[in-house]
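For reference, the structure is listed below as structure tokens.
The values are calculated or read from the model by the stated rules, or taken from the named source; none is laboratory data. A quick note: this is a predicted structure, and the numbers were derived from the prediction, not measured. With ideal geometry, Cβ positions are generated from the backbone for all residues, glycine too; neighbour counts draw on all protein chains shown. Protein only, heavy atoms only, side chains kept; ligands, DNA and RNA dropped before computing areas. Shrake-Rupley method; radii C 1.70, N 1.55, O 1.52, S 1.80 Å.
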Amino acid sequence: MRVDHVSFAADQSGVKATAERLGEALGVAPVDGGLHPRFGTRNMILPLAHERYVEIVEVLDHPSSDKAPFGQVVRARSEAGGGWMGWVIRVDDDLESVEKRLDRQAVNGNRRLADGREFLWKQIGIKGTLADPQLPFFVKWGEGSPHPSQEAETEVTIASLQIAGDPDRVRDWLGGLPPEETSSVIDFDFIAPNGTPGLMSVTFNTPNGPVTL
């Protein structure tokens, strides 16, 4: 298991304007991510080095967004003014063990771009993120599916995550894996939550020095 991406809920200006603002801060050009028909959301991508990326996501006025937990998480964060929604762990092999541990089934996700490419994945654990925002959810990319980071033309990387919460709670959620072992290059800074726990900030290494958002 490794850190795959971080998710940022768009503010009232919308997903495009939010993505352009974050992209300008990092020196990374946003890429249109398309619609998530199962979740009632859409996103834009800031592809990074190290096979990682930033997802900027907004909820659509669609019944799916009210039913899908992912849509519920996005809506709640956007209505609170937008900002970091969570961090996501990539599982390359044994997703079944995660399903067994969480006692639920992964759900399918997909998005298709105008050029015909289709991104396919399974995700699980978003209800945990909804209940306790310090917890990541899990994604397994489909066989043959492209990864959003493949469009990266940048040296920008994720340097650290600041999380309001309890590293022991996260370790338990990860099946006993300490958070810092989900990446050899990302530092984890856990602070005592002052209010709701969750992902507070992300620091990036850029050619112009560190940038914290």
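Considering only Ser65, Ser183, Ser13, the mean-square fluctuation computed in a Gaussian network model of the chain, springs between alpha carbons under 10 angstrom, is largest for Ser13. Within the shell defined by Cβ-Cβ distances under 11 Å, the residues around Pro37 carry a net charge of +4, with Lys and Arg each +1 and Asp and Glu each -1.
Quick one: with all protein chains in place, what share of the accessible area of the chain is carbon or sulfur, to the nearest percent (1.4 Å probe)?
Working: 4590 of 10010 Å².
Here carbon and sulfur together make up 46 percent of the probe-accessible area.
With all protein chains kept in place, the per residue accessible area of the stretch 43-99 amounts to 39 square angstrom at a probe of 1.4 angstrom.
Could you compute Rg(Cα) / (2.2 N^0.38 Å) for the chain, with N its residue count? Intermediate values should be presented prior to the final figure.
Details: Rg = 15.9 Å, N = 213, 2.2 N^0.38 = 16.9 Å.
Here the Cα radius of gyration is 0.94 times the empirical estimate.
Working note: Debye formula, equal point scatterers on the alpha-carbon atoms of the stretch 93-213, no solvent; log10 I(q)/I(0) at q = 0.09, 0.12, 0.22 Å⁻¹ is -0.31, -0.56, -1.32.
Under 15 Å from the Cα of Lys127, which aspartates and glutamates turn up, not counting those fewer than eight places away in the same chain? Leaving aside aspartates and glutamates fewer than 8 places away in the same chain, those within reach of Lys127 are Asp66, Glu99, Asp103. Beta-bridge orientation, the chain: approximately 75 percent antiparallel, per DSSP, counting only bridges with both partners inside.
P(r) tail for the stretch 1-113: Cα pairs beyond 19 Å make up 48% of the total.
Note on Lys122: lysines with a C-alpha under 18 Å away, same-chain residues under 8 apart excluded, are Lys67, Lys100, Lys140. When the Cα positions of Gln123, Ala159, Phe190 are compared along the charge dipole of the stretch 83-199, Gln123 comes out farthest toward the positive end, with charges on each C-beta of Lys, Arg, Asp and Glu.
Dipole of the chain, Cα-centred, from +1 at each Lys and Arg C-beta and -1 at each Asp and Glu C-beta, to the nearest 20 debye? Don't jump to the answer; show the numbers that get you there.
Working: 21 positive and 31 negative charges, 121 e Å.
Computed about the Cα centre, the dipole is about 580 debye.
Computed from point charges on the beta carbon alone (+1 for Lys and Arg, -1 for Asp and Glu), the dipole magnitude for the stretch 1-86 about its Cα centre is near 200 Debye.
Normalised by the number of residues in the chain, the average gap of Cα pairs under 8 Å and 6 or more apart makes the relative contact order 21 percent. Over all projection directions, the Cα-based convex hull of the stretch 1-49 averages an area of 4.2 nm².
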